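This report refers to the structure that appears directly beneath it.
The values are calculated or read from the model by the stated rules, or taken from the named source; none is laboratory data. Keep in mind that what you see is a predicted model, and the values were worked out from it rather than measured. Glycine also receives a Cβ, built like all others from the backbone with ideal geometry; neighbour counts cover every protein chain displayed.
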């Protein structure tokens, strides 16, 4: 006779339970770090992704006219706004937003020069490419951080 549904269900690997068990066994610093991250609803993620992708596209389109300073400022303001909605603390939202911008700009400044020029459009400047990395950091921070 075939296996019953309950028997099959018991034998499957339950990843969520295993992950939860691993988190419970992890060190305190890792637990504290994981408490700082959340997974919002998918429509929230997609709306914010669209916003930051739009800002990146706008920066690329206007790259010949000047630097992406205005787009970066608007992205930072949007990030702080979204964080303030979640944390209900403007000071904390500003700190996380400015920290994300700084970290993104720093990482972009370090990693972009290491990319071979064959893979980069010759009209794109270091400032533009660094701002694209900063947009990614801003998106991640305002979407997934508490």
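Right, residue 131: within 19 Å of the chain's Cα centre (by Cα) and crowded, with 16+ Cβ neighbours inside 10 Å or not? Reasoning before the result, please.
Working: within 19 Å of the chain's Cα centre (by Cα): yes; crowded, with 16+ Cβ neighbours inside 10 Å: yes.
Yes: the conditions hold for residue 131.
I'm trying to understand the selection: among the residues of segment 22-43, which are closer than 16 Å to residue 139 by Cβ and surrounded by fewer than 10 Cβ atoms within 10 Å (Cβ to Cβ)?
Step one: filter segment 22-43 for residues closer than 16 Å to residue 139 by Cβ, giving 37-43.
Scanning segment 22-43 gives 39, 41, 42, 43.
If we keep just the residues of segment 62-76 that are assigned to a loop (DSSP other than H, G, I, E, B) and without any contact (Cβ under 8 Å) to a residue 24 or more places away in the chain, which is farthest from residue 105 (Cα to Cα)? Full working, then the answer.
Of the residues in segment 62-76, the ones assigned to a loop (DSSP other than H, G, I, E, B) are 62-68.
From what's left, without any contact (Cβ under 8 Å) to a residue 24 or more places away in the chain: 62, 65-66.
Values: 62: 19, 65: 21, 66: 18 Å.
Restricting to residues being assigned to a loop (DSSP other than H, G, I, E, B) and without any contact (Cβ under 8 Å) to a residue 24 or more places away in the chain, the top hit is 65.
What is the number of the single condition among (1) under 23 Å from residue 126 (Cα atoms); (2) buried (at least 18 other Cβ atoms within 10 Å of the Cβ); (3) at pLDDT 95 or above that residue 56 does not meet?
It fails just one condition, (3).
Could you tell me whether residue 103 is closer than 17 Å to residue 36 by Cβ, surrounded by 12 or more Cβ atoms within 10 Å (Cβ to Cβ) and in contact with a helix residue (DSSP H, G or I) (Cβ under 8 Å, 6 or more places away or on another chain)?
On the way: closer than 17 Å to residue 36 by Cβ: yes; surrounded by 12 or more Cβ atoms within 10 Å (Cβ to Cβ): yes; in contact with a helix residue (DSSP H, G or I) (Cβ under 8 Å, 6 or more places away or on another chain): yes.
Yes, satisfied.
Can you confirm whether residue 91 is assigned to a helix (DSSP H, G or I), closer than 23 Å to residue 39 by Cα and at pLDDT below 95? I'd like the intermediate steps shown before the answer.
Working: assigned to a helix (DSSP H, G or I): yes; closer than 23 Å to residue 39 by Cα: yes; at pLDDT below 95: yes.
The answer is yes for residue 91.
Please go through segment 74-98 and give me each residue that is closer than 14 Å to residue 146 by Cα and within 13 Å of the chain's Cα centre (by Cα), ordered by number. First the steps, then the outcome.
Within segment 74-98, the subset closer than 14 Å to residue 146 by Cα is 79-97.
Answer for segment 74-98, where residues must be closer than 14 Å to residue 146 by Cα and within 13 Å of the chain's Cα centre (by Cα): 79, 82, 83, 96, 97.
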